[in-house]
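Note sheet for the following structure.
Taken together, the values in this text are just the output of simple stated rules run on the coordinates, not laboratory data. Since we're looking at a predicted model, the values are computed, not measured. Here the Cβ positions follow ideal geometry from the backbone for every residue, glycine too, while neighbour counts run over all protein chains shown.
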Amino acid sequence: MARKTINCVVMFADVAGSTAMYENMGDDLARERISKALNALISISRRHNGVLVKTIGDEILVYFTDIDQAVTAAKTIQEVMEDDRSPETIGVSIRIGMQYGSAILESDDIFGDTVNVAARVAGMAKARQILCTQEIAFMVRNVELSNKMRHHDRLRVKGKHDQLDVYLFAWEGEGDITNMATASSFTNPAQHAQAKNLTLTYESITHAIPVDTTSYILGRGKDCDLIIQGDLISRHHSKVEHRRGKFIISDQSTNGTFVRTTGGQLIFLRREEFTLFESGYISLGKKVDLGDPNVIHFLCE
């Protein structure tokens, strides 16, 4: 294969607790169950347009060129392994880690920083978990997938100045996860309101946010939907999405997101969510100062 660089999701999926399986079942039976489980993982990945790079002991390395397909494949893997009652795979649990970015394909293998980070994220995962980086959590297009992303932890990677935000994809269902939108200590009048329109005004330009929005990104990164420069602003600082009739802003930054409503409420978010209501101001990385040109005005109707 000729050397080329692609943008893709790199996924590691491995059998959790395989060492104990070998000790408890014996080499032959454990190896048979693990082999069948890996074959199922490979088959599911391929059905979602994943490309198998290699099998490494008790794990597989796969890449996807479509983010939604990668997350769906990971979700399907966990669901299949959870529901499968065949004697070959019962008791086998999978942990998954993913990262999105550029990678080098050469000689039927894949290399680069994206692969290394994906391996680190997979190492953080526990049995039956799906972990991914902020890039994937922010870029998922499907609303049902996006709604199941929850901030999980932060990861320090050698050679990188900033820690990476790691997200948990809550594949098991809404009943098993905590919704942080109502977890703050303040009262949010928008908890039961329905919002159909949201506009953000920045530098005298008004941006209409449609109700089918699942990921409208604010930050200094060139790939953000609304680019805002500033020393305290993260590359992908905050995300706005429309969920269950509400416009919700989620902080994903180092320095936090500040919201000031016209009613006088002052809200500080650090890896938390807040339902926008009526009107007010948003400031990334520092308190709302109406004299700051980087302050964003919002109007929710």
Setting aside same-chain residues fewer than 8 positions from Lys286, which lysines have a Cα under 22 Å from its Cα?
-> Lys222, Lys239
GNM flexibility winner over the chain from Met98, Met124, Met11 (Cα, springs under 10 Å) | Met124
Which of His151, His207, His237 moves the most in a Gaussian network model of the chain with Cα springs under 10 Å?
-> His207
Per the C-alpha gyration tensor (a ≥ b ≥ c, the square roots of its eigenvalues), region 4-176 is rounded if a/c is under 1.5, else prolate if a/b beats b/c, else oblate; here it's prolate
In whole angstrom, how far apart do the alpha carbon centroids of region 195-268 and region 1-74 sit?
-> 36
Using Cα atoms only, what is the angle between the long axis of helix 113-124 and the major principal axis of the chain, expressed in degrees (0 to 90) to the nearest 10?
-> 80
Near Lys246, which lysines are there with a Cα under 23 Å away, not counting those fewer than 8 places off in the same chain?
-> Lys148, Lys196
Which one, [x] 15.1; [y] 17.4; [z] 20.7, gives mean projected area of the Cα convex hull in nm² as derived from the coordinates shown?
-> [y]
Cα axis of helix 67-83 to longest principal axis of the chain: angle in degrees, 0 to 90, nearest 10?
-> 50
May I ask you to list the residues of region 219-253 whose amide nitrogen lies under 17 Å from a point 7 Å from Cα along the Cα→beta-carbon direction of Val143?
-> 240-250
Given 0.36 nm per residue, what is the gain on full extension from Lys196 to Asp162 after removing their alpha carbon distance, in nm?
-> 8.6 nm
Taking a cut-off of 23 Å between Cα atoms, list the lysines near Lys36, but don't count ones fewer than 8 places away on the same chain.
-> Lys54, Lys75, Lys126
Note: probe point = Cα of Arg3 + 7 Å toward Cβ; backbone nitrogen < 16 Å; residues of region 101-121 passing the test are 103-113
Highest GNM mean-square fluctuation among Glu273, Glu32, Glu23, for the chain with Cα springs under 10 Å, belongs to Glu23
Using the alpha-carbon atoms, what tilt in degrees (0 to 90, nearest 10) does helix 27-47 show relative to the longest principal axis of the chain?
-> 50
Efficiency by 1/(1 + (r/R0)^6): what FRET value for Ala127 and Asn39, r their Cβ-Cβ distance, R0 = 22 Å, to the nearest 0.05?
-> 0.70
Taking the Cβ of each residue in Ser107, Ser93 as the centre, tally the other Cβ atoms inside 10 Å and list the residues starting with the fewest.
-> Ser107, Ser93
